[in-house]
Amino acid sequence: MTETVAEAAEAEGGDMPALTDGIHLVVDALKLNRVETIYGVVGIPITDLARLAQASGIRYIGFRHESDAAHAAAAAGFLTQRAGICLTVSAPGFLNGLVGLANATTNCFPMVQISGSSERHIVDLQRGDYEEMDQLAVARQLCKAAYRVSRAEDIGRGIARAIRTAASGRPGGVYLDIPAAVLGEIIDKDKGEKSLWEVVDPAPKQIPDAAALDRAIELLAGAQRPLIVLGKGAAYARADHAIRQFVESSGIPYVPMSMAKGLLPDDHPQSAATARSLALKQADVVLLVGARLNWLLAHGDAPQWNPDAKFIQVDIAANEMDSNQPIAAPLVGDIGSVMDALLERTKPGQIAAPSAWREALGERSAANVAKMAKRLDAAKTAQPMKFLGALQAIRDVLAEHPDVYLVNEGANALDLTRNTIPMSVPRHRLDSGTWGVMGIGMGYAIAAAVETGQPVVAIEGDSAFGFSAMEAEVIARYDLPVITLVLNNSGVYRGDEASPSGDPAPTYLRARHDILMQAFGGTGYQATTPDQVGEMLRKALAEGRPALIDCIIDPADGTESGNIQHLNPKGLNAKQ
Ligand code: ADP
């Protein structure tokens, strides 16, 4: 900014003229659109913007690294159905934020990354400006849409467009570029105010066609082995009641994807989660609700799936249909409207899952649960502590706190937590998601605490935690009720690999995470037995303050790449 509004007033003859500037317009536009929180990292040229936002009643959460702020904005979008806002500085800060922006887009979470940028007339001629970068061009390929505001009078339009694009249709990340000169541009206040508007109905309903519904109902009615797959799109859609009613009235078994856990409680009698492979292999008609047939579902291919299965897909994105398998009955619309319409058009008793199918899944489930029980039992008292020893202790405490939000990332820490810790409330599990990305942990945990006001427990592999560990300081600084459990087996995958050189093995790590938390003013615990894990977690939840429990796990416990080892290249040096 070359002059403040007051200086401009002075220059115009002393009387305070009615003026505003780009920064005020950004804040006013965000407030008008009911933005309550901004996640960001300050610096040139957006520090005053953060200050003004805070002074105007928007909560500003200041992070240590932009990718964590962007992940937080994405999680806020998932939890609220409104675009989460991330604020970054130019070039390097902007680039850091892109990981979160791209990850949000991949996961279909609505967010907007607003970034300051350098002077256009210098950047475009590559004259070497401070933090010079053509940010708009870079961002474009990494998000749902990228826009630039080139005049202060277009700030309201830019923000409305970004919010609308992020939340409507298939949600995703939007980049909004605002050069420093536009943030500092002074314009007539009245003109500025008139240039702002509130987006009406950011994500309008999309009602499915009657013929498309009947096609789907007919397929389900004729199925011998029907299956419902619930994905995180179903969790996002907040159609909990209709989904539950459809599942229960049809009697169809269902499999929840990891972030859809809790949409129906995991102990629901129709859950086929513990008979997943049999369910996929044998289902003849599959209803996908907010779940893509991507790598997480083996692309719908045999041998994991029945090659003759017919797919019905409920999704807001028409071009998701046929992306992997022929979709026999596409149901394009928002999940709430589609599930309501399915319930309305299905005649009583028309869809009923055959009992032989339900029993077959039930039997497989019981056998798998018994097998798992043996593994769990063996881990209970094992010393040094195993992942499953610590996780059972955590599970028992969390059973007393169903409202706790659970954030989870890692390799083994992710796989084993997902299978050990049941969820009973919708949208309470946030994890590595579609990319299986590491580094979302603290950003997601902070957003969950800020957006919901509820306690959050983050279960982190030690490697995964390292990506966002510095944000433990943010948790302590804002005194958020986040308890982090680091399942610390001293390594990526495991910590016992011998090194062929004088340096540590590539997978080896070493840290006392409890001391890190203490350094920031939170409570740090170290636990070496499941009993200690349970006691410390119970205490931390009762206190409701920032805490970290470093759970010391046997370095020999852990599988290379968790349960996705098959994705590693099978070269000459393949480990397994
Ligand atoms: P998972 O990883 O849990 O299987 P995905 O992220 O693959 O879930 O799938 C989520 C799907 O949900 C996406 O294809 C997205 O377009 C869709 N989706 C998101 N929100 C809605 C909504 N409100 N209505 C319909 N579909 C939605």
Quiz prompt | Total residues in the stretch 123-157, condition under 28 Å from the mean Cα position of the chain (by Cα), more than 16 Å from the ligand (Cβ to nearest atom) and more than 18 Å from V89 (Cα to Cα) | solution = 3
Exercise. Can you give me the number of residues within the stretch 499-541 that are under 18 Å from P481 (Cβ atoms) and touching a residue at least 40 places away in the same chain (Cβ under 8 Å)?
Key: 8
Practice problem: Could you please find all residues in the stretch 108-164 being open to solvent by 30 Å² or more (accessible area, probe 1.4 Å), in a loop (DSSP other than H, G, I, E, B) and in contact (Cβ under 8 Å) with a residue 24 or more places away in the chain? | Solution: E119, Y130, E131, E132, M133, L142, K144, S150, R151
Quiz item: farther than 23 Å from T484 by Cβ and open to solvent by 40 Å² or more (accessible area, probe 1.4 Å), is that true of I564?
Solution: yes
Practice problem: Determine which single condition A275 fails, assuming it passes every other condition in (1) open to solvent by 30 Å² or more (accessible area, probe 1.4 Å); (2) away from the ligand (no atom under 15 Å from the Cβ). | Solution: (1)
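Can we say A472 is touching a His at 6+ places or on another chain (Cβ under 9 Å), touching a residue at least 12 places away in the same chain (Cβ under 8 Å) and within 21 Å of G524 (Cα to Cα)?
Yes: the conditions hold for A472.
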Practice problem: Take the residues in the stretch 238-249 that are touching a residue at least 60 places away in the same chain (Cβ under 8 Å) and surrounded by fewer than 24 Cβ atoms within 10 Å (Cβ to Cβ), then tell me which one is farthest from the ligand (Cβ to nearest atom). | Solution: S249
Quiz item: With respect to D308, is the statement that it is over 26 Å from D240 (Cβ atoms), open to solvent by 40 Å² or more (accessible area, probe 1.4 Å) and away from the ligand (no atom under 12 Å from the Cβ) true?
Solution: yes
Quiz item: Can you pull out the residues in the stretch 211-235 that are within 16 Å of the ligand (Cβ to nearest atom) and surrounded by fewer than 24 Cβ atoms within 10 Å (Cβ to Cβ)?
Solution: A212, L213
Quiz prompt | Condition met for P303 (more than 13 Å from the ligand (Cβ to nearest atom) and open to solvent by 40 Å² or more (accessible area, probe 1.4 Å)) | solution = yes
Self-check item: All positions within the stretch 231-273 that are in contact with an Asp or Glu (Cβ under 7 Å, 6 or more places away or on another chain), hydrophobic (A, V, I, L, M, F, W, C) and in a helix (DSSP H, G or I)
Solution: A237, A242, M259, A273
Quiz prompt | Candidate set: the stretch 284-300, residues that are closer than 25 Å to R170 by Cβ and over 24 Å from the mean Cα position of the chain (by Cα); chosen: the one nearest to the ligand (Cβ to nearest atom) | solution = V286
Quiz item: What residue, of V35, V26, is in a loop (DSSP other than H, G, I, E, B), of a type in the set (A, V, I, L, M, F, W, C) and farther than 23 Å from M259 by Cα?
Solution: V35
Quiz item: On the given criteria, is P330 free of Cβ contacts under 8 Å to residues at least 24 places away in the same chain and open to solvent by 30 Å² or more (accessible area, probe 1.4 Å)?
Solution: no
Exercise. Please give the number of the condition M372 fails out of (1) assigned by TED's automatic domain parsing to the domain that holds L487; (2) assigned to a helix (DSSP H, G or I).
Key: (1)
Quiz item: Across the stretch 166-203, what is the number of residues that are within 14 Å of the ligand (Cβ to nearest atom) and either open to solvent by 20 Å² or more (accessible area, probe 1.4 Å) or not aliphatic (A, V, I, L, M) (or both)?
Solution: 9
Exercise. Go through the residues of the stretch 68-83 one by one and say whether even a single one is in contact with a Lys or Arg (Cβ under 7 Å, 6 or more places away or on another chain), within 16 Å of the ligand (Cβ to nearest atom) and open to solvent by 20 Å² or more (accessible area, probe 1.4 Å).
Key: yes
Quiz item: What is the residue count in the stretch 38-48 for residues that are touching a strand residue (DSSP E or B) at 6+ places or on another chain (Cβ under 7 Å) and not in a loop (DSSP other than H, G, I, E, B)?
Solution: 3
Quiz item: On the given criteria, is M321 under 18 Å from R238 (Cβ atoms), more than 9 Å from the ligand (Cβ to nearest atom) and in the same structural domain as P256 (by TED's automatic domain parsing)?
Solution: no
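The values are calculated or read from the model by the stated rules, or taken from the named source; none is laboratory data. Worth saying up front: this structure is predicted, and the values here are computed from it rather than measured. Virtual Cβ from ideal backbone geometry, glycine too; neighbours counted across all protein chains shown. In case anyone asks, the SASA skips ligands and DNA or RNA and just uses the protein heavy atoms, side chains included. Shrake-Rupley method; radii C 1.70, N 1.55, O 1.52, S 1.80 Å.
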